[in-house]
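Q: The structure that follows is given in the form of structure tokens.
The values are calculated or read from the model by the stated rules, or taken from the named source; none is laboratory data. From a predicted model like this one, the values you see are computed outputs, not experimental measurements. Heads up, the Cβs are rebuilt from the backbone with ideal geometry, glycines too, and the neighbour counts pull from every protein chain shown.
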């Protein structure tokens, strides 16, 4: 597999520039939080897919 170095450098520099810009204006935290919320929804849906049986003992 041949790596296209110019394309890789351009994408890396654009990503880094976007991260610096968004962090400086405070929007990077907002993006991270939205990713966190999406992951929580995925975890919740996985947990619903495998219900467990709970048994309550009455003494």
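Q: Name the pairs whose Cβ atoms lie under 9 Å apart, with the first residue in the range 1-19 and closer than 19 Å to residue 31 by Cβ, the second part of a helix (DSSP H, G or I), and 6 or more positions between them or separate chains?
A: Close Cβ pairs satisfying both conditions: 18/28; 19/28.
Q: Something else: Taking the criterion of being modelled with pLDDT of 75 or more and more than 16 Å from the chain's Cα centre (by Cα), would at least one residue in the range 27-41 satisfy it?
A: no
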